[in-house]
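> The structure that follows is given in the form of structure tokens.
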Amino acid sequence: MKRILIALLVLVLCFSLTLAQEEKPLSGKKVVMIIAPKDFRDEELLEPMTILLGKGAEVAVASSSLDTSVGMLGAKMKPEILVSNIKAKDWDAIVLVGGQGAREYWNDKVLHTILKDAVKEDKIIGAICIAPVTLANTGILKGKKATVYEGVADKLKSKGASYTGSDVQEDGKLITANGPKAAGRFAEVLVEALGKGQKVCPKTGLKTCPLH
């Protein structure tokens with residue numbers, strides 16, 4: 001009887017921990033979101049950040065300045081990290097936010113190097129609105145399916161990307177989106193990508209139970 005009770009307690013604990021993980025499936029995942037020092041697109045930062053945090057991910061904001069940045073619609077955000085201090089190996093995903101100010105990064109060689117390192121480290125890279133142009137100029141979209149704000153689509157095509165015009169486009173671990181209206185779906189695809197490859201409990205088929 002004692003063994004049965006112990007076994008039942010273990011199963012209950014396993015199930016409870018599994019449920020907790022189901023509620024926070026991205027617990028332990030680290031995402032850095034890069035914004036311009038001014039005129040980032042508010043929704044493209046705030047919607048994905050809210051969704052990622054809600055799923056348990058750790059989210060940090062980076063920029064080329066640590067001064068408070070003001071979005072195109074008035075949102076204020078104080079970055080925690082300088083872009084130049086980002087190390088690809090420290091993050092599960094690097095996400096570039098769009099908005100008019102994102103042009104600053106199109107030809108930023110420091111960020112280009114970070115993104116190339118992220119590809120080598122097999123990290124997830126996301127970019128939305130006009131930010132995919134930075135990826136294209138880095139060279140990592142060559143031969144890849146991608147989308148971007150329609151007005152700058154030629155900048156992707158000129159760098160060898162296969163422009164799809166989709167709201168959100170995923171090609172391997174490269175995720176691009178075309179603007180603020182796609183911010184929610186962009187976040188969902190990021191969540192799906194971050195959640196891939198997680199272990200499952202062999203008895204329940206759910207996400208990892210720490211007791212196994």
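The values are calculated or read from the model by the stated rules, or taken from the named source; none is laboratory data. Small disclaimer: the values here were computed from a predicted structure and weren't measured. A quick note on method: Cβ atoms are made from the backbone with ideal geometry, for glycine too, and the neighbour counts reach across all protein chains shown.
> If a residue has to be assigned to a helix (DSSP H, G or I) and surrounded by fewer than 20 Cβ atoms within 10 Å (Cβ to Cβ) to count, how many in the range 169-188 make the cut? Walk me through how you get there before you give the answer.
So the first thing to find is which residues in the range 169-188 are assigned to a helix (DSSP H, G or I), and the list is 180-188.
So of that shortlist, the ones also surrounded by fewer than 20 Cβ atoms within 10 Å (Cβ to Cβ) come out as 181, 184-185, 188.
Summing the residues that are assigned to a helix (DSSP H, G or I) and surrounded by fewer than 20 Cβ atoms within 10 Å (Cβ to Cβ) in the range 169-188 gives 4.
> Continuing with this model, one more query. With the checklist (1) outside any loop (DSSP other than H, G, I, E, B); (2) crowded, with 18+ Cβ neighbours inside 10 Å; (3) within 16 Å of the chain's Cα centre (by Cα) in hand, flag the one item ALA136 doesn't pass.
(3)
> Is it the case that THR18 is outside any loop (DSSP other than H, G, I, E, B), of a type in the set (Val, Ile, Thr) and modelled with pLDDT under 95?
In short, yes.
> Which condition breaks for SER64 when tested against (1) touching a residue at least 40 places away in the same chain (Cβ under 8 Å); (2) more than 24 Å from LYS29 (Cβ to Cβ); (3) out of contact with any Asp or Glu (no Cβ under 9 Å at 6 or more places or on another chain)?
(3)
> Regarding LYS123, is this residue of a type in the set (D, E, K, R), buried (at least 16 other Cβ atoms within 10 Å of the Cβ) and under 24 Å from ILE51 (Cβ atoms)? Working first, answer last.
Working: of a type in the set (D, E, K, R): yes; buried (at least 16 other Cβ atoms within 10 Å of the Cβ): yes; under 24 Å from ILE51 (Cβ atoms): yes.
When the stated conditions are applied, LYS123 passes them.
> Failed condition for ALA193, given (1) under 15 Å from the mean Cα position of the chain (by Cα); (2) surrounded by 24 or more Cβ atoms within 10 Å (Cβ to Cβ); (3) among the aliphatic types (A, V, I, L, M), with all others met?
(2)
> Now for a different question. What residue, of LYS116, LYS155, LYS89, LYS159, is basic (Lys, Arg), surrounded by fewer than 22 Cβ atoms within 10 Å (Cβ to Cβ) and part of a loop (DSSP other than H, G, I, E, B)?
The match here is LYS159.
> What number of residues in the range 67-84 are surrounded by 14 or more Cβ atoms within 10 Å (Cβ to Cβ) and out of contact with any Lys or Arg (no Cβ under 7 Å at 6 or more places or on another chain)?
Of the residues in that region, 5 qualify.
> Return the only residue of VAL148, VAL61 being touching a Leu at 6+ places or on another chain (Cβ under 9 Å), assigned to a strand (DSSP E or B) and within 23 Å of LEU194 (Cβ to Cβ).
Of the residues listed, the single one that is touching a Leu at 6+ places or on another chain (Cβ under 9 Å), assigned to a strand (DSSP E or B) and within 23 Å of LEU194 (Cβ to Cβ) is VAL61.
> Another question about this same structure. Whether any residue in the range 111-127 is closer than 11 Å to PHE40 by Cβ and modelled with pLDDT of 95 or more is what I want to check.
no
> It is to be established whether one or more residues within the range 190-202 are within 22 Å of MET72 (Cα to Cα) and at pLDDT 95 or above.
No, that holds for no residue.
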